[in-house]
Amino acid sequence: MKKLYIDSSLPFRWGPHPPVGIPRVETALVRQALRWRASPVGFFIVDAQGRGRMLGEAELRYLKRLVEGELPQAVGGEDRPYLARLGKVLLILRDAPFDLGREFDRVAAIFVSGSEKRRGIKFQLSKTAIRLFKTMKSCLRARRTETKDPLKDDNAVCFLSSASVHEIAAKKLAGKTSCGIFTIMHDLIPIDFPHFVGPHHARGFVRNTAWQVENSDLLVCVSNYTADRVRCHARASNPARIPEVAVASPGAFLKEGVADGRMRPERQNQGRKFVLYCSTIEIRKNHILLLKVWHRLLPLLGDRLPTLVFCGRWGWMYDELVAFMEANPRLRDHVQFRSNLSDQQLAELYRDAEFSVYPSAVEGWGLGAAECLDFGLPVLISDAPSLTEATQGLMPTLPAHDVEAWCAAVAKACTDPGWLAELRETIASRYRPIRERDFFTTIVGHVATLDSSDPGPMIRRPERPATRTVSRVGELAAEQPAFRQAER
């Protein structure tokens, strides 16, 4: 029987700050693997040369505390002096058994400098200080002893994190593995909708996806929508090498991870109602539509229009949003931006909001929409197929770019408490949360086919031909009228 090994590189690179999106999903997988007792599980990281290295006992103890949220985090304490915040970050770096990733550097620099948009001299100086400290620590670290490499073990089945796929694909390290490999496919958005991402990211994503298709025995997708897209892409890219594609949808990870006892019992800002949109602030998430809706409804609803709270990190291509805010200064008192929050603070926002909105143009799953239902919060969603899937077909669905439809729905939610009550009752009676353990158990069930003695379902690893990538970039976007309209 083959042994299961879990790549823990992503949690180590993300470091001790609240995970979001893809890191939240992959951290949940690692957390449940650490709790798993049904069969032996090994843990490793992938180094810069693409080699697997097993974790020692001390590293495993650190990993457990990391994924359980028990380590100090670079959040909160905004009122503390600059040097105190910097000192906290340096202590976090000192105690980590591995170098934390560049994203941690950026998040920590935001925490230290107070610059949410990752700009300005204070942010750059803070990031430089953090990276200098990391360089010094690396130079002083003792040489690590060699360990078993599970990637070269014929009797192993290894999960490879998105961080390791990026590392291996970028350095063209394919062909050095003997184990069975499975990875998680979160979406194909940079391939299907390249105009929503930067060109450098799109090129890297195409390369990483090609590596996954060529080298994985199993691709675990987060939604049926993503699975359909992955199957189509795999057939178009290389018909001779199509891996198994399966679905394991993520679920109530935030809700499970935050015990009610850790949340403040009373709603903050009792006198000010708010509507929540929790996602990275970037063009694909369609924040601009909500600004247009609030701009139209403000003179009509006045005080009945709640504050709009955008909760999330600043991503890319948000210039239109910033320009709209500057051109309409009245919105400043009615729109808030929140970032760098702890899981507890985020959970309190979900608990206290009147309702949520999720007008994203396209998603691989829609974790933020599912989180709303985990907290019993009604959410208005766009017609992106995966959002309907994530909310189990229970929430009102609106065309992603139809401002009039969104104005009508938001106005109804603001003025018709009976409608919101009906939506809350629908969630309470019909929504079925997906537990972390169920998510992991589903993945284990899919992986078991890699270790089957039955030749039927067993996935055979063929000789890997030279990679032939047919990306079909932008084809799906051209098929959808909503996106054709948006591009004009």
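Can you sort Glu256, Glu363, Glu404, Glu167 by how many other beta carbons sit within 10 Å, fewest first? Each step should come with its number before you reach the end.
Working: Glu256 15, Glu363 28, Glu404 11, Glu167 20.
If I rank by nearby Cβ atoms, fewest first, I get Glu404, Glu256, Glu167, Glu363.
Taking a straight line from the alpha carbon of Lys412, these lysines sit under 20 Å away, with near neighbours fewer than eight places off in the same chain left out: Lys273, Lys292.
Give the percent of DSSP beta bridges with both residues in the chain that are antiparallel, rounded to the nearest 5. Spell out each step's value before the answer.
Values: 3 of 39 bridges.
The antiparallel fraction comes to roughly 10 percent.
Going by neighbour counts of Cβ atoms within 10 Å, the residues His287, His186 line up, fewest first, as His186, His287. Based on DSSP H segments of at least four residues, each scored -39500 (n - 2.57), the chain has a per-residue ellipticity at 222 nm of -14000 deg cm²/dmol. Using Cα positions and a limit of under 20 Å, work out the aspartates and glutamates in reach of Lys148, with same-chain residues fewer than 8 apart set aside. Leaving aside aspartates and glutamates fewer than 8 places away in the same chain, those within reach of Lys148 are Asp7, Asp47, Glu57, Glu59, Glu167. Positive end of the dipole of the chain (Cβ unit charges, origin at the Cα centre): among Met395, Pro359, Leu341, the Cα lying farthest that way belongs to Leu341.
If you count Lys pairs in segment 1-145 whose Cα atoms are under 25 Å apart, skipping same-chain pairs closer than 8 places in sequence, the total is 15.
Applying 1/(1 + (r/R0)^6) with r as the Cβ-Cβ distance of Asp333 and Asp79 and R0 = 30 angstrom yields a FRET efficiency of 0.85. A value for mean projected area of the Cα convex hull in nm² was derived from the coordinates, and within the list (i) 31.1; (ii) 23.7; (iii) 27.0 it appears as (ii).
Each value in this text was obtained by applying a stated rule to the coordinates, not by laboratory testing. Bear in mind the structure is a predicted one, so any value in this text is a computation, not a measurement. Please note: Cβ atoms are built from the backbone with ideal geometry, for glycine as well, and neighbour counts cover all protein chains shown.
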